[in-house]
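Scroll down for the structure; my scribbles are underneath it.
The values are calculated or read from the model by the stated rules, or taken from the named source; none is laboratory data. Please read these numbers as outputs of a predicted model, since none were measured by experiment. Cβ coordinates were reconstructed from backbone atoms using ideal geometry, including for glycine residues, and neighbour counts include every protein chain displayed. With ligands, DNA and RNA removed, areas are computed over all heavy atoms of the protein, side chains included. Shrake-Rupley method; radii C 1.70, N 1.55, O 1.52, S 1.80 Å.
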Amino acid sequence: MLLNNTKKIVFKLGSSTVVDKKGAFKKKWLSSLIQDIKKIKKNRDIVIVSSGAIALGQSYLKIKKSKIKLEMSQAIASVGQIHLVDEFKKLFNKNKINIGQILITPDDTEQRRRALNARRTFENLFKLGAIPVVNENDTTATTEIKYGDNDRLAARVAQIIGADTLIIFSDVDGFYDNSKKNKTLIKEIKKIDKKLYSLANKNINTYGSGGMITKLEAAKICMNSGCRMFIANGQNLNPLRKMIKDKIYTSFIPKISTLDARKKWIVSSLSSSAKIFVDTGAAKALSNGKSLLPAGITKVIGDFKKGENILIVNENGIDLARGLSSFSSVEINKIKGLQSNQIENILGYPSKSEIVHKDDMVKI
Ligand code: GLU
């Protein structure tokens with residue numbers, strides 16, 4: 001069976017899989033998924049990441065507009081989330097399964113201490129035999145700090161809890177090569193590169209904010225953390241049974257990773273704006289596993305604080321590594337290009353000599 005050798009599975013349910021076009025919660029569909037889950041639950045930890053708060057909130061509040069301002073969608077989500085989780089509670093309880101609600105913001109996954117706390121809660125819910133039902137905490141997220149789509153959120157959760165499988169139920173059968181006249185389903189993907197992005201359908205679906213691009217971003221996180229990701233059609237009843245039986249899906253094969261949990265967390269970061277550009281000498285040093293020193297830095301983009309996750313790129317902007325910066329962007333701008341022994345003089349206080357220590361860095 002497809003799920004042999006799996007122990008921890010995250011299911012991501014998109015808004016249009018749980019809410020129908022008229023705005024009603026798809027009770028029959030969720031009941032059928034619960035039947036599927038019951039068959040595989042023994043000896044496995046299960047997590048559900050479900051969207052649908054905004055879609056359901058709109059329906060209860062009778063708001064039809066598709067373009068809603070963030071502040072308003074946050075209020076709508078706070079109404080919708082209660083109904084969403086209530087539907088989950090009723091149907092799971094009918095099957096004698098407890099659920100626990102987890103609402104998450106990017107801060108909870110992008111700050112190491114908070115990510116570890118979240119992991120502990122997941123683990124304890126598993127011990128209690130309860131299924132965590134996760135959504136973004138839409139009410140506190142702002143435009144700058146917001147997942148927006150639950151694809152990347154689900155992948156980050158999968159990485160943090162060490163899941164081996166993420167199944168994204170969507171309204172399509174998988175990832176299609178859209179470059180051909182007769183678009184074809186790609187069954188297996190081992191590498192995500194520019195070419196693959198160019199094949200993706202750029203549309204986003206009816207309710208959710210995700211689309212194929214956010215799914216590729218999610219797949220990257222999974223592949224780096226040793227988690228196999230599937231995109232499958234969630235529009236039919238018993239979607240898991242059907243997916244396994246019909247073998248129609250796209251499977252993203254994870255890299256064989258020797259990284260420890262902390263390094264997997266570092267490389268799977270979602271922060272994308274902060275970048276450090278380095279010269280060819282530093283790029284070579286990094287590829288040999290060395291730390292990043294100020295001398296090789298040519299440019300800094302974005303504002304970041306000490307300890308934040310940044311991307312290190314070469315002079316052409318090609319990604320080289322991700323790591324936790326030991327200095328703020330303001331400090332790096334003052335010391336870039338200098339020798340390490342000049343740092344204290346320029347900054348006026350003693351500090352580390354590496355901008356990103358090799359222990360806090362992962363090559364990509
Ligand atoms: N947190 C949003 C909701 O539940 C997610 C929307 C999306 O998946 O794009 O409605």
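Peptides 161-168, 183-190, 15-22, 240-247, ordered by how many other C-beta atoms sit within 10 Å of their residues on average, highest first, read 161-168, 15-22, 240-247, 183-190.
Within the chain, antiparallel bridges make up roughly 40 percent of the DSSP beta bridges whose residues both belong there. So for region 1-112, taking the charge dipole from beta-carbon charges (+1 Lys/Arg, -1 Asp/Glu), which of 17, 105, 70 sits furthest toward the positive end? Of 17, 105, 70, it is 17.
Quick check on region 126-270: take the gyration tensor over C-alpha atoms, sort the square-rooted eigenvalues as a ≥ b ≥ c, and tell me if it's rounded (a/c under 1.5), prolate or oblate. It comes out rounded by the Cα gyration axes. In percent, what relative contact order does region 217-310 have, based on Cα pairs under 8 Å that are 6 or more apart in sequence? The value is 26 percent.
Starting from one equal scatterer on each C-alpha and no solvent at all, send me the Debye-based log10 I(q)/I(0) for the chain at q = 0.11 Å⁻¹, two decimals. Those come out to -0.78, one per q.
Shape verdict for region 51-142, please, from the Cα gyration tensor: rounded (a/c under 1.5), prolate (a/b greater than b/c) or oblate. Note, shape of region 51-142 comes out oblate.
Among residues other than residue 320 with Cβ under 14 Å from its Cβ, the summed charge is +4 (Lys and Arg +1, Asp and Glu -1). Could you list, in their original order, any pairs among 264/363; 90/215; 8/90 whose Cα atoms are separated by more than 19 Å? 90/215; 8/90, as the Cα separations exceed 19 Å there.
Sparsely packed loop sites in region 60-117 (the trypsin sites (Lys or Arg not before Pro) outside DSSP H, G, I, E and B with at most 10 other Cβ atoms within 10 Å) comprise 62, 64, 65, 67, 69, 96.
Give me the accessible area per residue for region 183-284, probe 1.4 Å, as a whole number in Å². So region 183-284 comes to 50 Å² accessible per residue, rounded to a whole number.
Remark: region 24-74 carries 57 Å² of accessible area per residue (probe radius 1.4 Å; ligands, DNA and RNA excluded). Counting other C-beta atoms within 10 Å, and keeping those with at most 13, which DSSP coil trypsin sites (Lys or Arg not before Pro) do you find in region 265-297? When the trypsin sites (Lys or Arg not before Pro) of region 265-297 are filtered for loop state and at most 13 Cβ neighbours within 10 Å, nothing remains.
Seen from residue 7, the other residues with C-beta closer than 9 Å to its C-beta sum to a net charge of 0, counting Lys and Arg as +1 and Asp and Glu as -1.
Relative contact order for the chain: what percent, with Cα pairs under 8 Å and sequence separation of 6 or more? In percent, rounded to a whole number, it is 15. If R0 equals 25 Å, the separation of the Cβ atoms of residue 42 and residue 245 corresponds to a calculated FRET efficiency of about 0.80. Among complete DSSP H helices in the chain, those whose alpha-carbon atoms stretch at least 27 Å along the helix's long axis and whose mean Kyte-Doolittle hydropathy reaches -0.5 are 70-94. Put simply, when 127-136, 149-158, 35-44 are sorted by average Cβ atoms within 10 angstrom per residue, most first, you get 149-158, 127-136, 35-44. The local environment of residue 348, defined by Cβ-Cβ distances under 11 Å, has a net charge of -1 under the rule Lys, Arg +1 and Asp, Glu -1.
For the chain, the share of accessible area belonging to carbon and sulfur comes to 51 percent (1.4 Å probe, ligands and nucleic acids excluded).
Annotation: aspartates and glutamates with alpha-carbon distance below 20 angstrom to residue 183 (same-chain offsets under eight excluded): 171, 173, 193, 246. Distant-in-sequence amide contacts of residue 102, defined by a placed amide H-H separation under 5 Å and a gap of 5 or more residues or a different chain, comprise 133, 134, 135. Packing around the peptides 173-181, 218-226, taken as the average count of other Cβ atoms within 10 Å per residue, puts them in this order, highest first: 218-226, 173-181.
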